[in-house]
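Below is one structure; the comments refer to it alone.
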Amino acid sequence: MRNSESNCLWHSKDGVSTRVWCAKWNHRGNLLASCGDDKTVKLWKYIVEPPYLEFSSSLSGSHTRTIRNVAFSPSDKFLASAGFDAAIIIYELSNNEFVEMGKLEGHENEVKCCAFSPSGEFLASCSRDKSVWFWQLDEDGDFQVASILQPHTQDVKFVVWHPAEELLVSCSYDCSVKFYRYDGEDWITQQKIDTAHESTVWAADFSADGESLVTVGGDSVVKVWRRQRRDVAITSSIWHCVLSYKADTRWPLYSVSWSRISGIIAVGGGDRQLRLFKVDECDGGPTLVEYGTKRLFASEINCVSWNPIEANLLAIAMDDGQIRVINIEL
């Protein structure tokens, strides 16, 4: 592997240094959303030549504090932003522009993450208030509270859905990972892994086939989890750790993205290094192999996101306000 090109853009205008917390591609791979301390969501169009992104529009005035996370619905019709003002803003695509359609309120503290289910019917959110909320799209096109769960004992950092099933995973400051499913009447906690990591579990992502889950934590460890039995429905399965990899750093690992195309796992964190891994299936069990050389940047990496269509493109959100798009030769 060789990092062929790295291109830098600034989330805030005039190169003002303001932290970028998140950068996520839409499902068509032709639009990137970024958010940060400046309380705005920036939208960038994908272009085929470097720097691979062209500024499209800015969404501002909806949040009163830092925006921590953004997420596109599976159809790319909706865009959600989660803020430290305890609110989630829903934008709807209308005449090729995203316009605010509603504000979801109820969390008592900062909302750290939000994510749409694979069907698009549900939106999950998590917060410093230790809760996980499930919002459901109703017949009128509005999101209403469906369930509120509080299985964590500390700040909930991240939520991610299975790529095909209505199964949600949450990661927390309490070192745990939780799994949730719908039982036909309500959302329930399917499984609790109380000591998933030795420190904060910062992020997680599923493999393309949904059979594996990767988590990263403040303990500088990358873990891969799989279902114990494949003859059991995914939503009812029990997950266990099949490999653990300690990175050569004392800094936390903040973000992970598992490419749906190449199978490469990208990891970024507090030591400013981008690491790439691939799961190698051996007779003795799966192992995690570093893929190529590490790439050192000038600032902490807050978010990594593979483009779902262009296999070589990886977007990175950085603490110094930069958004970098790297074209990686695989």
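The values are calculated or read from the model by the stated rules, or taken from the named source; none is laboratory data. Nothing here was measured: the structure is a model prediction, and the numbers come from that model. All Cβ positions, even for glycine, are placed from backbone atoms using ideal geometry, and neighbour counts span all protein chains on display.
Numerical summary
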quantity	calculated
Leading residue by the ranking (nearest to residue 320 (Cα to Cα)) among those in the stretch 9-31 that are at pLDDT below 95 and surrounded by fewer than 16 Cβ atoms within 10 Å (Cβ to Cβ)	17
Flag for residue 62 being among the small types (Gly, Ala, Ser) and surrounded by fewer than 16 Cβ atoms within 10 Å (Cβ to Cβ)	no
Matching option when the condition is in contact with a Gly (Cβ under 8 Å, 6 or more places away or on another chain) and touching a residue at least 60 places away in the same chain (Cβ under 8 Å), among 242, 279	279
Only one of 47, 67 that is among the β-branched types (Val, Ile, Thr) and buried (at least 18 other Cβ atoms within 10 Å of the Cβ)	67
Residue check, residue 121 among the acidic types (Asp, Glu) and more than 22 Å from residue 189 (Cα to Cα)	no
Qualifying residue in the stretch 84-96 (condition: of a type outside the set (D, E, K, R), under 17 Å from the mean Cα position of the chain (by Cα) and assigned to a loop (DSSP other than H, G, I, E, B))	yes
Residues satisfying the stated conditions in the stretch 188-244, i.e. under 16 Å from residue 156 (Cβ atoms), surrounded by 19 or more Cβ atoms within 10 Å (Cβ to Cβ) and among the hydroxyl-bearing types (Ser, Thr, Tyr)	200, 215
Enumeration of residues in the stretch 245-298 that are outside any loop (DSSP other than H, G, I, E, B) and among the acidic types (Asp, Glu)	280, 281, 290
Filter result for residue 49 (part of a strand (DSSP E or B) and more than 20 Å from the chain's Cα centre (by Cα))	no
